[in-house]
Amino acid sequence: MLDIKDLHAAIGGNEILRGLSLAVGAGEVHAIMGPNGSGKSTLAQVIAGHEDYEVTSGSVQYEGRDLLELAPEERAREGIFLGFQYPVEIPGVNNAYLLKAAVNAKRQHEGKDEIDAFEFLKLAREKMAALGMDPKFLNRGVNEGFSGGEKKRNEILQMAMLEPKLAVLDETDSGLDIDALKAVAEGVNALRSPERAIVLVTHYQRLLDYIEPDRVHVLSEGRIVRSGDKSLALELEEKGYEWVREAANA
Amino acid sequence: MMHELPVDRLAETAAALPHASLAGLREAGRTVLARQGFPTTKVEDWKYTDLGGVAALSRAWLAAGAPVDEPDTELVRRAQAGLDAHWIVIANGSVLEAFSDALALPGIGVATDASEFPKPHGALGGLNAALVRDPVRIRVSESLTKPLALLVADSATASAVTAQVRVNLAVDRGAAVQVFEHQVSSGDEGHYSNVLVELDLAADSRCDYVRLQQRATAHSQTARLDVRLDRDARFDYFGADLGGRLARHDLAVDIAGRGASATLNGVYVAGPGQHVDNHTRTDHRVGPATSRQEYRGVLAGRARAVWNGKAIVHAGADGTDAEQANHNLLLTEQAEVDAKPELEIYADDVKCAHGTTVGHLDERALYYLRTRGIGRQRARRILTRAFAATVVDSAPIAGLRETIGDAVEARLRDIMAEIGA
């Protein structure tokens, strides 16, 4: 589904990704781990299409197409979802409006009619209940005054409504208490399916206790330096990132 | 240098106006105007707004024999459609009785006794008094069940026109009234209107006031709303300036009674070539009392906005709680804003805050919306509308919120189309 080859990307002239390669197949869950500054978030933003990041060489194929040619909104309509590390507050735009606009943008792209208003509300309420979100959040400004946990739940709600083919979750676990972490993990697990791929970007192993990855990759200085199964995350937790750096330099 | 008007012409024009009993008021107006002339940009309050153009238009109009267009009744009908209200319609300064059902209510009518009006104040007050045709006097003794709609529907099709509007509204003790001041205009010739509304709120009375200014973009106006609040009176105001080439609004609130509260919110939208100027002044003469103010502006192309919010807490007005805010969104680099809060405090126990911002659309929010599948142009529109919505949603007359929201949204769409955003 996603095939990244020798990707180099920079922001403001600073090269962050330095030859990253990664292949994620349908039905798979991959975890990208690594110390701060290793390029995890840059990878997530490059996949989503952030225009401040400049891809200097390499390629990103998504379902056999050149992903880098597409604008962020086109990527979203093609089924890519980025869960933000820091979801943006947008006062004056209510949550229901954004959800509906997002769902309809995708439906229009797929040649479908707009979602029925009643159907939309029913679906949103169901998904919110599953995430332990109060339905009143639908009528609040997008992320406006939300706590950290509420913002992350709101990201997962958007993902659940949009049913992406490829979900990239950027440090969705950071700043969450255990209840919120479980709710978020359940939301992600509910989306696991043979047609869908999920990339979890995380600093800590903790999230992987609740979402079991098929593959774990360790990122250091803009490159994947180790890949393995879920046991790699545990090993990393035990030995720390220093171990990876040493292994990479060895 | 003053922008002067010829006094002899003013007197001739006044002599031909209806209601000869108002001659004294008109003469007093001429005297004030002759002494002061139109304010120039040398006057602090008019530093950024040049009335040279409207003074020239007024001179030309007087020289041409003060012609007045037939009322544009189609414009009136469109504005009245679908809104359940008691109406007073004023077209080019004349009250249109056929469209003004509110004249049948007790205490409402065209006032012909000069002594009913306070002395003209300031040059524009003088101009208003000098040339007013049908001043309207309203006294609300018992609460009205429907909003009172003041529709100012001007037109300039045959030649350039100037018009004066004067409304004096008193709300008696304990009464409540909702007022919708709606300004529209039509015609390709120049038009200048000068509107003066006075509002006196007795103890325990209440007024919800919505002002919507949608003049044709070739037309200009100066307008003033003077409000006085007695003990425990409440005034909730929302104004939207959307049209006009030059639009100036002065809102002066005089808090003269303890326990009074005033909310002054507004939005202005200006596209290429438009100049919109909002001056507000709140006098806290006694405390405790509360005032809240938030104006938001959206500008595109070569648009210019001025916001000046003055709050004065007089000696002894302890317990005053006053907040002022002005936020501006510039959609293009050429747009310009002069925003200035002015706070003067002469009392000890007060709570005052003010803040102004001038900025662009939040790139992070734009990107966030785009990652949700919303195209760039649509995302810009959503965020621009949202910027204004936070004050538009505060409009005090619930039944008008949709009308106001639609009008603001339509104007935002227009200016964004004009700059190709």
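The values are calculated or read from the model by the stated rules, or taken from the named source; none is laboratory data. Model, not experiment: these values are computed from the prediction. A quick note on method: Cβ atoms are made from the backbone with ideal geometry, for glycine too, and the neighbour counts reach across all protein chains shown.
Which residue is surrounded by the fewest Cβ atoms within 10 Å (Cβ to Cβ), if the candidates are limited to the stretch B:155-194 and must be within 15 Å of the chain's Cα centre (by Cα) and either of a type in the set (D, E, K, R) or not in a strand (DSSP E or B) (or both)? The extreme case among them is B:Glu181.
Where residues in the stretch A:10-29 are farther than 26 Å from A:Glu212 by Cβ and without any contact (Cβ under 8 Å) to a residue 60 or more places away in the chain, which of them is surrounded by the fewest Cβ atoms within 10 Å (Cβ to Cβ)?
The initial filter retains those residues of the stretch A:10-29 that are farther than 26 Å from A:Glu212 by Cβ, namely A:10-19.
Adding the requirement that they be without any contact (Cβ under 8 Å) to a residue 60 or more places away in the chain leaves A:10-14.
Numbers: A:Ala10: 17, A:Ile11: 15, A:Gly12: 8, A:Gly13: 6, A:Asn14: 8.
Going through the qualifying residues, I end up with A:Gly13.
Within the option set A:Gly132, A:Gly37, A:Gly49, being surrounded by fewer than 18 Cβ atoms within 10 Å (Cβ to Cβ), under 23 Å from A:Glu171 (Cα atoms) and touching a helix residue (DSSP H, G or I) at 6+ places or on another chain (Cβ under 7 Å) holds for one residue only, A:Gly132. Which one of these does A:Leu68 not meet: (1) closer than 26 Å to A:Met128 by Cβ; (2) part of a helix (DSSP H, G or I)? Among (1) closer than 26 Å to A:Met128 by Cβ; (2) part of a helix (DSSP H, G or I), A:Leu68 violates only (1). For the stretch A:190-231, the tally of residues that are on the phi < 0 side of the Ramachandran plot, part of a loop (DSSP other than H, G, I, E, B) and in contact with a strand residue (DSSP E or B) (Cβ under 9 Å, 6 or more places away or on another chain) stands at 11.
How about the stretch B:294-324: which of its residues are polar (S, T, N, Q) and buried (at least 24 other Cβ atoms within 10 Å of the Cβ)? Hits for the stretch B:294-324 are B:Thr320, B:Gln324.
Any residue that is of a type outside the set (A, V, I, L, M, F, W, C), in a helix (DSSP H, G or I) and within 22 Å of B:Pro147 (Cβ to Cβ) - is there at least one of those in the stretch B:81-92? Even if it seems obvious, please write down each step before you answer.
The first filter runs over the stretch B:81-92 and keeps only residues of a type outside the set (A, V, I, L, M, F, W, C), leaving B:82, B:84, B:86, B:92.
Checking which are in a helix (DSSP H, G or I) leaves us with none.
Scanning the stretch B:81-92 turns up no residue that is of a type outside the set (A, V, I, L, M, F, W, C), in a helix (DSSP H, G or I) and within 22 Å of B:Pro147 (Cβ to Cβ).
Examine the stretch B:45-52 for a residue that is assigned to a helix (DSSP H, G or I), touching a residue at least 60 places away in the same chain (Cβ under 8 Å) and of a type outside the set (Phe, Trp, Tyr), and state whether such a residue exists. Within the stretch B:45-52, one or more residues are assigned to a helix (DSSP H, G or I), touching a residue at least 60 places away in the same chain (Cβ under 8 Å) and of a type outside the set (Phe, Trp, Tyr). Scanning the stretch A:6-31 for residues that are touching a Ser or Thr at 6+ places or on another chain (Cβ under 8 Å) and closer than 14 Å to A:Glu221 by Cβ gives A:Leu7, A:His8, A:Ala9, A:Ala10, A:Glu15, A:Ile16, A:Leu17. Across the stretch B:351-409, the number of residues qualifying as facing another protein chain (nearest Cβ under 9 Å), touching a strand residue (DSSP E or B) at 6+ places or on another chain (Cβ under 8 Å), part of a helix (DSSP H, G or I) and under 30 Å from A:Glu78 (Cα atoms) comes to 8.
With respect to (1) crowded, with 16+ Cβ neighbours inside 10 Å; (2) closer than 23 Å to A:Glu78 by Cα; (3) out of contact with any helix residue (DSSP H, G or I) (no Cβ under 8 Å at 6 or more places or on another chain), the lone exception for A:Ile198 is condition (3).
Listed here are the residues, each with its yes/no results for (1) part of a loop (DSSP other than H, G, I, E, B); (2) facing another protein chain (nearest Cβ under 9 Å).
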position	(1), (2)
A:Pro35	yes, no
A:Leu43	no, no
A:Ile47	no, no
A:Glu54	no, no
A:Ser59	no, no
A:Arg75	no, yes
A:Gln85	yes, no
A:Pro91	no, yes
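Is it the case that B:His327 is within 14 Å of another protein chain (Cβ to nearest Cβ), farther than 30 Å from A:Phe81 by Cα and surrounded by 16 or more Cβ atoms within 10 Å (Cβ to Cβ)? Quick ask: steps written out before the conclusion?
Working: within 14 Å of another protein chain (Cβ to nearest Cβ): yes; farther than 30 Å from A:Phe81 by Cα: yes; surrounded by 16 or more Cβ atoms within 10 Å (Cβ to Cβ): yes.
Spelling it out, B:His327 is indeed within 14 Å of another protein chain (Cβ to nearest Cβ), farther than 30 Å from A:Phe81 by Cα and surrounded by 16 or more Cβ atoms within 10 Å (Cβ to Cβ).
In the stretch A:139-160, how many residues are more than 27 Å from A:Ser193 (Cα to Cα), more than 14 Å from every other protein chain (Cβ to nearest Cβ) and part of a helix (DSSP H, G or I)? I'd like the intermediate steps shown before the answer.
The initial filter retains those residues of the stretch A:139-160 that are more than 27 Å from A:Ser193 (Cα to Cα), namely A:139-148.
Cutting the leftovers down to more than 14 Å from every other protein chain (Cβ to nearest Cβ) gives us A:147-148.
This time we only want the ones that are part of a helix (DSSP H, G or I), so: A:148.
Total satisfying the criteria: 1.
Scanning the stretch B:101-114 for residues that are more than 16 Å from B:Asp200 (Cβ to Cβ) and without any contact (Cβ under 8 Å) to a residue 60 or more places away in the chain yields B:Asp101, B:Ala102, B:Leu103, B:Ala104, B:Leu105, B:Pro106, B:Gly109. Residues considered: B:Ala270, B:Ala262. Of these, the only one that is without any contact (Cβ under 8 Å) to a residue 40 or more places away in the chain and among the aliphatic types (A, V, I, L, M) is B:Ala262. Taking the criterion of being within 14 Å of chain B (Cβ to nearest Cβ) and either buried (at least 17 other Cβ atoms within 10 Å of the Cβ) or more than 15 Å from B:Ala379 (Cβ to Cβ) (or both), the residues of the stretch A:61-73 that qualify are A:Leu67, A:Leu70, A:Pro72, A:Glu73. Among the residues of the stretch B:155-182, those identified as in contact with an Asp or Glu (Cβ under 8 Å, 6 or more places away or on another chain) and over 21 Å from B:Pro106 (Cα atoms) are B:Ser155, B:Ala156, B:Thr157, B:Ala158, B:Ser159, B:Ala160, B:Val161, B:Ala163.
Considering only residues of the stretch B:136-184 that are β-branched (Val, Ile, Thr) and over 26 Å from B:Leu246 (Cα atoms), which is modelled with the lowest pLDDT?
Keep residues of the stretch B:136-184 that are β-branched (Val, Ile, Thr), which gives B:136, B:138, B:140, B:145, B:152, B:157, B:161-162, B:165, B:167, B:171, B:177, B:179, B:184.
Of the ones still in play, those that are also over 26 Å from B:Leu246 (Cα atoms) are B:138, B:140, B:145, B:171, B:177.
Values: B:Ile138: 97, B:Val140: 97, B:Thr145: 90, B:Val171: 98, B:Val177: 97.
Among those residues, the one meeting the criterion is B:Thr145.
Restricting the first member to the stretch B:1-14 and to residues that are under 18 Å from B:Val161 (Cβ atoms) and acidic (Asp, Glu), and the second to residues that are assigned to a loop (DSSP other than H, G, I, E, B) and modelled with pLDDT of 90 or more, the beta-carbon pairs closer than 9 Å and six or more apart or on different chains are B:Glu12/B:Gly65; B:Glu12/B:Ala66.
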